[in-house]
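**Student:** Structure in C-alpha cells, see below.
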DNA sequence: CCTACCGATCGGTAGG
DNA sequence: CCTACCGATCGGTAGG
C-alpha cells in the first residue's frame, strides 16, 4: 500500500541548500554567460562541478529554475546596491553620482551576471520572466525619479528624464561588454568617470570642472 | 562514369537570388530576433514563407549561413549610414551630431537587426564571427577617432575618448530595447535628442542652449 | 551519485 | 517543393 507523503518541513536537503548548490549556480552562470542558456547542457553544468548531468537533479529542480534563480539573484543584488548608494547621501546630485557608480561597479565586477541578465530574458518562462521584468522596471524607475527630483530642485536640466535615465543605464551596462581587470582603468576609476559622464548628461557641474 | 562538374559562373540560381531568398532572410531575421537563433528551427522559417523546412535548402545553404548573412548585412548598412553622415559635413561637432543621429535612427528603425546583431554574436561560427567583429571594431573606431579629433581641435573636452565613445554607442543601441512607433517620441525627435546628449558628453555646446 | 533510457527535437540529406 | 528519414542531441526519469 502506497502512502502519499509530502516533503516534511524538517527535511534538511530541501530547506538548507549546501555549498554544492552554490557551486552549481556559479558553474551554470559561467556557462550560461559564455555559451548561452540554450547551448548549455545539464551535462556541461554537471561536468563543471565534477558530477554527471542527472545527478544535478538531487540538488536543483531543473535548468529553467536554475536560470530564474540566477537572474532574480542578479536583479536583487543590483537593486540592493542601488538602494544603499542612494540612501548613503541626501544631496540629489550626489545620489545620482553614487547610483551610477554602483551601477557601473556592478556591471564591471559581475560581468557574467550582466550578460545572462541582459541576454537571456527571452529564455525565461513564466512566472520567472515577469518577476525579472518587474524588478527591471523598478530599477529603471529609481533612476528616472532621481533625475526628475533633480529637475524639480533645479539642479538638473534635461529635455526628457526618461531618455536620460535610459542613456545612463545603457552606457553603464555596456561596461560589461569590454571591461577586464588589468586594463586601462580600475573599477573605481571607471565608476568615477561614468559618474562624471552622467552628471554631464543632466547638465550638472562635475567635481573636476 | 561520373564527371566532376563545378558550378558554372552563368548559373543563375547561384548568382541572382530572387525575391524568395529575400523573404526567407526577412522571416529568419524576425524569428531570430523574437525567439533567438537557437530556438528558431528551419521548419519555423519555412512556415513563415509558406514552405517546409527542407525546401529552404533550395534557396539558402543553411541556418548558420543565414545568420552570418543577416549580421554582415546589418553591420555594412550601419557603417554605410555612419560614413554618409560623417561625409555630409566638415565641422567636427556637426559630424558627431550626425553620426549619433544615424546611429540612433538605425537602432530605432531596425530593431530586429539590432537585437540579433547584439545578442547572437556567440551563435556565429567562424569565419562569420571574425567578419562581424572586424566590422564592429571599425565602427567603434570611427566614433572614437571623431571624438579624438574634436579634442585635438579644442571643441571637445573629455577625460577618455574611449569611454565617451563607448557611452555614446551604448546609449544609442539601447534605443532598440524600448522604442516603438507611436510612442512619446518620433525617430527624428529621438535622433536629435540623442545628438544633444552626445554633445553634452563631449562638453560641447548644444543648439538649444 | 551513477548508468540506462525515454521521448522529443532538430539540421540536414535522399530521392523523388 | 514534398515526404521520409538519418544521426545526433538533450532535459529529465527510473531504479538502483
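The values are calculated or read from the model by the stated rules, or taken from the named source; none is laboratory data. The structure displayed is predicted, hence computed values, not measured ones. Reconstructed Cβ throughout: ideal geometry from the backbone, glycine too, with neighbour counts over all protein chains shown.
**Student:** What's the number of the only condition in (1) assigned to a helix (DSSP H, G or I); (2) free of Cβ contacts under 8 Å to residues at least 12 places away in the same chain; (3) within 16 Å of DNA strand D (Cβ to nearest atom); (4) away from every other protein chain (no Cβ under 14 Å) that residue B:94 fails to meet?
**Tutor:** (3)
**Student:** When you look at residue A:192, is it farther than 30 Å from residue B:183 by Cα and either free of Cβ contacts under 8 Å to residues at least 60 places away in the same chain or assigned to a helix (DSSP H, G or I) (or both), yes or no?
**Tutor:** yes
**Student:** Looking at this structure, is residue A:170 part of a helix (DSSP H, G or I) and farther than 23 Å from residue B:168 by Cβ?
**Tutor:** Judged against the criteria, residue A:170 is not a match.
Yes or no, residue by residue, for (1) within 16 Å of DNA strand D (Cβ to nearest atom); (2) more than 21 Å from residue B:171 (Cβ to Cβ); (3) in contact (Cβ under 8 Å) with a residue 40 or more places away in the chain:
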| residue | (1), (2), (3) |
| --- | --- |
| B:45 | yes, yes, no |
| B:80 | no, yes, no |
| B:115 | no, no, yes |
| B:125 | yes, yes, yes |
| B:130 | no, yes, no |
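**Student:** Sticking with this structure for a sec: Please work out which residue is nearest to residue A:125 (Cα to Cα), limiting yourself to segment A:74-91 and to residues that are more than 12 Å from the chain's Cα centre (by Cα) and in a helix (DSSP H, G or I).
**Tutor:** Among residues in segment A:74-91 that are more than 12 Å from the chain's Cα centre (by Cα) and in a helix (DSSP H, G or I), the one nearest to residue A:125 (Cα to Cα) is A:83.
**Student:** Please go through segment A:174-184 and pick out each residue that is assigned to a helix (DSSP H, G or I) and either surrounded by fewer than 17 Cβ atoms within 10 Å (Cβ to Cβ) or within 7 Å of chain B (Cβ to nearest Cβ) (or both).
**Tutor:** Hits for segment A:174-184 are A:174, A:177.
**Student:** I would also like to ask the following. What are the residues in segment B:39-73 that are more than 8 Å from DNA strand C (Cβ to nearest atom) and either in contact with a strand residue (DSSP E or B) (Cβ under 6 Å, 6 or more places away or on another chain) or outside any helix (DSSP H, G or I) (or both), if any?
**Tutor:** B:49, B:50, B:51, B:52, B:59, B:60, listed by residue number.
**Student:** Of all the residues that make up segment A:3-38, how many are at pLDDT below 95 and either within 14 Å of chain B (Cβ to nearest Cβ) or in a loop (DSSP other than H, G, I, E, B) (or both)?
**Tutor:** 12
**Student:** I would also like to ask the following. Spot the failing condition for residue A:96; the list is (1) over 30 Å from residue B:34 (Cα atoms); (2) buried (at least 19 other Cβ atoms within 10 Å of the Cβ); (3) within 16 Å of DNA strand C (Cβ to nearest atom), and only one is missed.
**Tutor:** Answer for residue A:96: the failing condition is (3).
**Student:** Suppose we keep only residues that are in contact (Cβ under 8 Å) with a residue 24 or more places away in the chain and over 15 Å from residue B:95 (Cα atoms) within segment B:141-168. Which one would you say is surrounded by the most Cβ atoms within 10 Å (Cβ to Cβ)?
**Tutor:** B:167
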